[in-house]
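Structure first, commentary second.
The values are calculated or read from the model by the stated rules, or taken from the named source; none is laboratory data. For clarity, every value in this text was computed on a predicted model and none was experimentally measured. Note: ideal-geometry Cβ built from the backbone for every residue, glycine included; neighbour counts use all protein chains shown.
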Amino acid sequence: MSRYSVTIDGHEFDIEMEYRSDHMVATVNGRERLVRVHKLQETRALLVIDHLSHEVDIQATGDGGRKIVFMQGTEIPVAIEDYNLAQMRKAAGIGSEEEVDTVFVAPMPGLIVEIKVAPGDTVTAGQPLVVVEAMKMENILKAKGTATVKAVRIAAGQSVEKGEPLIEFE
Amino acid sequence: MSRYSVTIDGHEFDIEMEYRSDHMVATVNGRERLVRVHKLQETRALLVIDHLSHEVDIQATGDGGRKIVFMQGTEIPVAIEDYNLAQMRKAAGIGSEEEVDTVFVAPMPGLIVEIKVAPGDTVTAGQPLVVVEAMKMENILKAKGTATVKAVRIAAGQSVEKGEPLIEFE
Amino acid sequence: MIKPIKKILVANRGEIAVRVIRACHDLGIVSVAICSDCDRTAYHARLADEWYHIGGSPSSESYLNQDRVMQAVKDSGADAVHPGYGFLAENATFAQRCVDEGITFIGPRPETIRGLGDKLVAREMAIKANLPVVPGTDMGADNPDEALAFAKKIGFPVLVKAAAGGGGKGMRVVESADLFQEALDSASREAKSAFGDGRVFIEKYLVRPRHVEIQILCDTHGNHLHLCERECSIQRRHQKVIEEAPSPIMTDELRERMGTAAVSIAREAGYVGAGTVEFLVDQNRSFYFLEVNTRLQVEHPVTELVTGVDLVKEQVAVAEGRELTLRQEDIRLNGHAIECRIYAEDPSGGFMPSTGTLEHYRLPAGPGVRVDSGVLVWSEIPIYYDPMIAKLCTWGRDRTEAIARMQRALSEYRISGVESTVGFHQVVLANKKFIAGDLSTGFLQEEYPDSNYRTFSPELAEDAAIAAAVDKLLNERRITISQSGNGRSRSSGWVRHHRRENVKRLGGKH
Amino acid sequence: MIKPIKKILVANRGEIAVRVIRACHDLGIVSVAICSDCDRTAYHARLADEWYHIGGSPSSESYLNQDRVMQAVKDSGADAVHPGYGFLAENATFAQRCVDEGITFIGPRPETIRGLGDKLVAREMAIKANLPVVPGTDMGADNPDEALAFAKKIGFPVLVKAAAGGGGKGMRVVESADLFQEALDSASREAKSAFGDGRVFIEKYLVRPRHVEIQILCDTHGNHLHLCERECSIQRRHQKVIEEAPSPIMTDELRERMGTAAVSIAREAGYVGAGTVEFLVDQNRSFYFLEVNTRLQVEHPVTELVTGVDLVKEQVAVAEGRELTLRQEDIRLNGHAIECRIYAEDPSGGFMPSTGTLEHYRLPAGPGVRVDSGVLVWSEIPIYYDPMIAKLCTWGRDRTEAIARMQRALSEYRISGVESTVGFHQVVLANKKFIAGDLSTGFLQEEYPDSNYRTFSPELAEDAAIAAAVDKLLNERRITISQSGNGRSRSSGWVRHHRRENVKRLGGKH
């Protein structure tokens, strides 16, 4: 039997998975749900949970247990980890990996039009960091929280690829 | 340089193929045509012949050089062989492989309802041979030419797979 | 007495199950799909809110099995059943069983289905409602000698028809007396196998008639409407393959008379729900009652396209006991619509059903195009059911625009892995008589006596020859032009071995 | 003076190129596609009859490069050019060049494009034709101080707009004086980059206005029609994202007045072809002239769906010199249509463009659904162009039915490999104010100030959690549930590594 801790939009689900003859049983926060899995092509499966039909596509979005579950036309970001590891992590007061990112990367490929910050600046949520032109539109990339700029890795006029580090925070 | 003999619907094409820098040249019955090939997924390619755009799907239909070329929504049956071999074959008076089939196979899976011929019978084109039920419809399989039945390989009430031999001719 | 429906079990598969599930989505009603073994991941099973596996692949173990369907109704808590067409759609016993168990059957009353479903009873009812009928008799397989005598009296060709069912099954045209017995037997056998009822009857076979039918819609409050006509003359073995609305032969006056006739028999039968009154129309625009189909027809989308009425939604509203909000004067024809039924069949091989996996499947789209497809890329076409995979419809301001858009849509359709009738439709739609609207139920036989539906220009043939040469060249040099990332393709050229065995034919040597 | 067109070069890419090529197919006119490096196998290049590669991926080397486009016109022997929208569609120099070289430009006369394309000239023309206009000035980037003074006079918020171009590019709302200079500079810079013309002007910014536009259609024989309105109030950064026809706010009387106004300016401008007169409508149903777009609009399909008129075919007929066969009284509204623009953008990531390969792509279909898609499964979404991949439209007898069908269609859309705005549309279409038709151009900003378009029920979250657990379990046990025949999938579970780098964000620790 495997047990997982799944977090979606701040809600935590404790899920125990068990194989039965032709299906699985998922015990979610103590409640049993019957699951049938039918493979489809590529990253997709037809999941029937207590007779509810879901065509599901799951994509890993990076390292660790973060995934995007695509179902009913909606993208649902999910974090999953082993239940026991999650308990230990919490007991030790270690936050999830998401909280320790210190590099601001380009969310898309484009041309750097302007850099609005310099090393040493302290920025707050919503403050413009970089202006990127992509697909003929200027996009202003903004800070998501309070932080101090450690280094600027790019220069105006430079082309960047998606995922390329732009700014490092302390 | 490669040279092929291609037969479509009774018309013969003598085609010499030659590589150039970024395209090919096909000399068809003496006339040059410029060909660009862009690969697509699976069995498909975008073929640009003298600027005519064709999304093409090619499927082999059996042994030898018989193929189905699917383009512009139309299925075109094609026979292709090496030009020199075709010349030798013709010089030797040998017909193409298509003419020597003596086994009548099931064109679809189904249930044999009735057999209309017995060994020793001589059948003519259009004469009913076997009645097969598939997808709730009775289909009458008819002779395509004159022939004498050598053996009947199936019995009424029997299920057959697609391609299963039904009747042998002499 | 309105009883709102909360959950509909769709007792069908394929495109019509998808169609009904889409109506449920539009209405905010929970949809329940049932599936057989081979349909576990079929499109209808994926699209519905709920999924119930009910049995084996043969329809007798699943979609035709009333016990299993009713069990799924109970398990799912559905309060209504939509039967689609085929399977249990015109089964009065099943409809009665739903009624008895307090489940809303979305269709006419069981007694209506039973009465009209028997073509002989329907004929009597039509005569009572003063509808013109084709000369015929109820003598059939039980009285082969008398039947033959009657056939001789009215004159060959005659039509042998199953009393039950429809869709061209159990139907034979008999050209002469010596072929009569065989046709009688085979029609009866097919009818028994398809509908469990081997009764057949004989009718005068009209020469070059058109098949024109009237869509009716009736509620439980005594309102009976007609939604104009569809012409379905393009038939192969009595199976409709191309339908359109309006009929090219129609006049306002004839439409008025046929519509009134259809409403008359609907009233006579106490009809409730959507249905179709079928007629033959001869070359003099005289019409004859044929039968009433007590179900949603395959070809209902062409009516939806020219009237704007969603027939499945109206069926649900009527089943809930609501009064129709439409009045006869609200029904106005807007433009022209055509439907091509896309089958997994090989037109060049006598329309043999073709099974396999849809390795590539691309729907046409764009202005004026509606596709009702029951399959997806990678779907398996099973051997157990009707081989129709989709209905392609186009709408235009007039018939010319609808035909042009249909040709465009057909040319965009990509189906790999099974044979399809797309090319067949391209040929028929380019036929001058078709374009002129000069149709009859014998159209295909007259125009294509040797079933040669494969035509292509010398220019296209040359380009196809070049394609084959390019493929062979790349093959020999082992150059891959298939996407390297895709493990499914062979590495030699872009050719793969077709899954089917080569269909070997008797050659010229015999 | 009718000059029939035999071959049209479509000087565009993506869905609008596909749209025009489809019209060519319908008309029996030979279509020529042009493509850049990254578009060699794009859908439009596959669908056209002829294929010309014209240059590099950046649009300056291909679709915007007049020399290369004209070379392809000559090489192909096309006798007409359809520019679509964007790129060269509203470039008077290009239109003039076509005229000079004897090629039919399918659009208004070059001088009309030049005049109306300059928003300041258009404004003068509107005043001359007695259309109400919004208070504004032509002082812009060259006179920042005067412009600021004017802005202060009419009162903030004001709108900074590029004189050239459209589509929301080079447009900024300025809330207060201290943000004025930056907005002026950035709008001017963006306008220069997009249209090669950095001139901007200032307009009073109306509070909660609706964007309502009138489709016009004019021939060379002096006939000027309007095809009723479209409402395009749902905008993000001045880019329309959802459009509909008719407008929920419209009355017959207002439609009559706005239609007459649109026809007046068309007459004043000597307009030929299809075009759009844009207005703002305030909360009191007063309307103000905004601008004229001298091209086919992105959102033209909603007009086609409610009027039945094929606008591209009409454009071609007008360009051939034919007189319109439609009269104003033939234009009748039938039902309601909505369009959702589907972009390859990440709504939860500030609508950043998302590039990549469409590894799975399934179009919605069925009753009332029209899709104009510019891409196919396995298409690459390149970084060089506008990230719109398709337009999804639905039609219904009324607005309620159109919305329900849109929700159904959105839920059927499957796009894997890039982010898309499908989920965004689902949220907006479920918004109560949207359903009530209570719209304004500020709708999205007011309703979703923090751009949170991701909503799901607790039930769906639980099922998603189970899906993740099933996936992880199978992953750990190395059980493949992906199709084994498909080499593209990893063998562990059905998860694959998403191609994009994880979008790392500033976390809570700082």
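Can you tell me which residues in the stretch A:111-143 are within 9 Å of another protein chain (Cβ to nearest Cβ), surrounded by fewer than 19 Cβ atoms within 10 Å (Cβ to Cβ) and under 23 Å from the mean Cα position of the chain (by Cα)?
A:Ala125, A:Ile140, A:Lys142
How many residues, within the stretch C:327-351, are more than 30 Å from C:Asp252 (Cα to Cα), in a strand (DSSP E or B) and more than 17 Å from the chain's Cα centre (by Cα)? If you could, list the steps in order and put the result at the bottom.
Pass one, the stretch C:327-351, residues more than 30 Å from C:Asp252 (Cα to Cα): C:342-351.
Then drop every residue that is not in a strand (DSSP E or B), which leaves C:342-343, C:345-346.
Then keep just the ones that are more than 17 Å from the chain's Cα centre (by Cα); that gives C:346.
Here the count works out to 1.
Which pairs have Cβ atoms under 6 Å, sit 6 or more apart or on different chains, and link a residue in the stretch C:413-426 that is facing chain B (nearest Cβ under 7 Å) and touching a residue at least 24 places away in the same chain (Cβ under 8 Å) to one that is surrounded by fewer than 24 Cβ atoms within 10 Å (Cβ to Cβ) and among the hydroxyl-bearing types (Ser, Thr, Tyr)?
If the second residue must be surrounded by fewer than 24 Cβ atoms within 10 Å (Cβ to Cβ) and among the hydroxyl-bearing types (Ser, Thr, Tyr), the pairs left are C:Val422/C:Tyr413; C:Gly423/B:Thr74.
Let me spell it out: the conditions are (1) part of a helix (DSSP H, G or I); (2) of a type in the set (Asp, Glu); (3) not assigned by TED's automatic domain parsing to the domain that holds D:Val316, and D:Asp142 meets all of them except one. Which number is the exception?
(1) is the only condition that D:Asp142 fails.
Are any residues in the stretch A:153-165 within 24 Å of the chain's Cα centre (by Cα) and either within 16 Å of D:Ser193 (Cα to Cα) or surrounded by 21 or more Cβ atoms within 10 Å (Cβ to Cβ) (or both), and if so, which ones? Quick ask: steps written out before the conclusion?
We begin by selecting, within the stretch A:153-165, every residue within 24 Å of the chain's Cα centre (by Cα); these are A:153, A:160-165.
Scanning the stretch A:153-165 gives a single hit, A:Lys162.
Could you tell me how many of the residues in the stretch A:20-35 are crowded, with 18+ Cβ neighbours inside 10 Å and within 14 Å of D:Asp471 (Cα to Cα)? Even if it seems obvious, please write down each step before you answer.
Within the stretch A:20-35, the subset crowded, with 18+ Cβ neighbours inside 10 Å is A:24, A:26, A:28, A:35.
From what is left, the residues that are within 14 Å of D:Asp471 (Cα to Cα) are A:24, A:26, A:35.
Here the count works out to 3.
Looking at D:Gly222, D:Gly198 in this structure, which one is within 30 Å of D:Thr260 (Cβ to Cβ) and outside the structural domain of D:Gly86 (by TED's automatic domain parsing)? Walk me through how you get there before you give the answer.
On the way: D:Gly198 fails: within 30 Å of D:Thr260 (Cβ to Cβ).
The unique qualifying residue is D:Gly222.
Taking the stated definitions as given, is C:Ser451 surrounded by fewer than 20 Cβ atoms within 10 Å (Cβ to Cβ) and part of a loop (DSSP other than H, G, I, E, B)?
Working: surrounded by fewer than 20 Cβ atoms within 10 Å (Cβ to Cβ): yes; part of a loop (DSSP other than H, G, I, E, B): yes.
Against the criterion (surrounded by fewer than 20 Cβ atoms within 10 Å (Cβ to Cβ) and part of a loop (DSSP other than H, G, I, E, B)), C:Ser451 qualifies.
Out of D:Tyr271, D:Tyr288, which single residue is surrounded by 15 or more Cβ atoms within 10 Å (Cβ to Cβ) and in a loop (DSSP other than H, G, I, E, B)?
Details: D:Tyr288 fails: in a loop (DSSP other than H, G, I, E, B).
Checking each option against the conditions leaves just D:Tyr271.
Output the residues belonging to the stretch A:69-93 that are in contact with a strand residue (DSSP E or B) (Cβ under 9 Å, 6 or more places away or on another chain) and within 7 Å of another protein chain (Cβ to nearest Cβ).
Selection gives A:Val69, A:Met71, A:Gln72, A:Gly73, A:Glu75, A:Ile76, A:Val78, A:Ile80.
Quick one: count up the residues across the stretch D:394-407 that are surrounded by fewer than 24 Cβ atoms within 10 Å (Cβ to Cβ) and within 16 Å of D:Arg362 (Cα to Cα).
1
Quick check on my filter: what residues within the stretch C:24-39 are surrounded by fewer than 24 Cβ atoms within 10 Å (Cβ to Cβ) and within 20 Å of C:Leu88 (Cα to Cα)?
Of everything in the stretch C:24-39, those that are surrounded by fewer than 24 Cβ atoms within 10 Å (Cβ to Cβ) and within 20 Å of C:Leu88 (Cα to Cα) turn out to be C:Asp37, C:Cys38.
Let me confirm something: among D:Glu291, D:Glu304, which residue is within 14 Å of chain C (Cβ to nearest Cβ) and in contact with a helix residue (DSSP H, G or I) (Cβ under 8 Å, 6 or more places away or on another chain)?
Unique residue meeting the criteria: D:Glu304.
Matching residues to (1) over 17 Å from C:Glu291 (Cα atoms); (2) part of a loop (DSSP other than H, G, I, E, B); (3) within 27 Å of the chain's Cα centre (by Cα):
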residue: C:Arg114; (1), (2), (3): no, no, yes
residue: C:Val121; (1), (2), (3): no, no, yes
residue: C:Met125; (1), (2), (3): no, no, yes
residue: C:Asn130; (1), (2), (3): no, yes, no
residue: C:Phe156; (1), (2), (3): yes, yes, no
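Answer with yes or no whether C:Gly321 is modelled with pLDDT under 95 and farther than 25 Å from D:Arg370 by Cβ. Working first, answer last.
Details: modelled with pLDDT under 95: no; farther than 25 Å from D:Arg370 by Cβ: yes.
Here the answer is no, as C:Gly321 does not meet what is asked.
Of the residues D:Ala95, D:Ala162, only one is under 26 Å from D:Gly270 (Cα atoms), under 28 Å from the mean Cα position of the chain (by Cα) and either in the same structural domain as D:Ala262 (by TED's automatic domain parsing) or at pLDDT 90 or above (or both); which?
That would be D:Ala95, the only listed residue that is under 26 Å from D:Gly270 (Cα atoms), under 28 Å from the mean Cα position of the chain (by Cα) and either in the same structural domain as D:Ala262 (by TED's automatic domain parsing) or at pLDDT 90 or above (or both).
Regarding C:Ala467, is this residue at pLDDT 95 or above and either part of a strand (DSSP E or B) or touching a Cys at 6+ places or on another chain (Cβ under 9 Å) (or both)?
Details: at pLDDT 95 or above: yes; either part of a strand (DSSP E or B) or touching a Cys at 6+ places or on another chain (Cβ under 9 Å) (or both): no.
Here the answer is no, as C:Ala467 does not meet what is asked.
If I ask for residues that are buried (at least 22 other Cβ atoms within 10 Å of the Cβ) and either more than 11 Å from D:Thr294 (Cβ to Cβ) or among the aromatic types (Phe, Trp, Tyr) (or both), which ones from the stretch D:88-112 would you list?
D:Leu88, D:Phe94, D:Cys98, D:Phe105, D:Ile106
Take C:Thr421 and tell me if it is surrounded by fewer than 23 Cβ atoms within 10 Å (Cβ to Cβ) and among the polar types (S, T, N, Q).
Values: surrounded by fewer than 23 Cβ atoms within 10 Å (Cβ to Cβ): no; among the polar types (S, T, N, Q): yes.
When the stated conditions are applied, C:Thr421 does not pass them.
So is C:Ser440 hydroxyl-bearing (Ser, Thr, Tyr) and either under 21 Å from C:Val207 (Cβ atoms) or part of a helix (DSSP H, G or I) (or both) or not? Full working, then the answer.
On the way: hydroxyl-bearing (Ser, Thr, Tyr): yes; either under 21 Å from C:Val207 (Cβ atoms) or part of a helix (DSSP H, G or I) (or both): yes.
Against the criterion (hydroxyl-bearing (Ser, Thr, Tyr) and either under 21 Å from C:Val207 (Cβ atoms) or part of a helix (DSSP H, G or I) (or both)), C:Ser440 qualifies.
Starting from residues that are assigned to a loop (DSSP other than H, G, I, E, B) and within 12 Å of chain A (Cβ to nearest Cβ), keep the ones in the stretch D:359-377 and report whichever is modelled with the highest pLDDT.
Keep residues of the stretch D:359-377 that are assigned to a loop (DSSP other than H, G, I, E, B), which gives D:359, D:363-368, D:374-377.
Still in the list and also within 12 Å of chain A (Cβ to nearest Cβ): D:359, D:364, D:377.
Numbers: D:Glu359: 86, D:Pro364: 97, D:Val377: 92.
Within the stretch D:359-377, the match that is modelled with the highest pLDDT is D:Pro364.
Conditions (1) at pLDDT 95 or above; (2) more than 30 Å from C:Ile389 (Cβ to Cβ); (3) not assigned by TED's automatic domain parsing to the domain that holds D:Lys240; (4) not aliphatic (A, V, I, L, M), marked per residue:
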{"residue": "D:Gln297", "(1), (2), (3), (4)": "yes, yes, no, yes"}
{"residue": "D:Val302", "(1), (2), (3), (4)": "yes, yes, no, no"}
{"residue": "D:Ile342", "(1), (2), (3), (4)": "yes, no, yes, no"}
{"residue": "D:Glu345", "(1), (2), (3), (4)": "no, yes, yes, yes"}
{"residue": "D:Phe351", "(1), (2), (3), (4)": "no, yes, yes, yes"}
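Going by what's in this entry, would B:Lys150 be described as of a type outside the set (A, V, I, L, M, F, W, C), at the interface with another protein chain (Cβ under 10 Å from one of its Cβ atoms) and either buried (at least 17 other Cβ atoms within 10 Å of the Cβ) or touching a Gly at 6+ places or on another chain (Cβ under 9 Å) (or both)? Walk me through how you get there before you give the answer.
Numbers: of a type outside the set (A, V, I, L, M, F, W, C): yes; at the interface with another protein chain (Cβ under 10 Å from one of its Cβ atoms): no; either buried (at least 17 other Cβ atoms within 10 Å of the Cβ) or touching a Gly at 6+ places or on another chain (Cβ under 9 Å) (or both): yes.
Taking the combined requirement at face value, the residue does not satisfy it.
Can you give me the number of residues within the stretch C:315-344 that are among the acidic types (Asp, Glu), surrounded by fewer than 23 Cβ atoms within 10 Å (Cβ to Cβ) and touching a residue at least 60 places away in the same chain (Cβ under 8 Å)?
2
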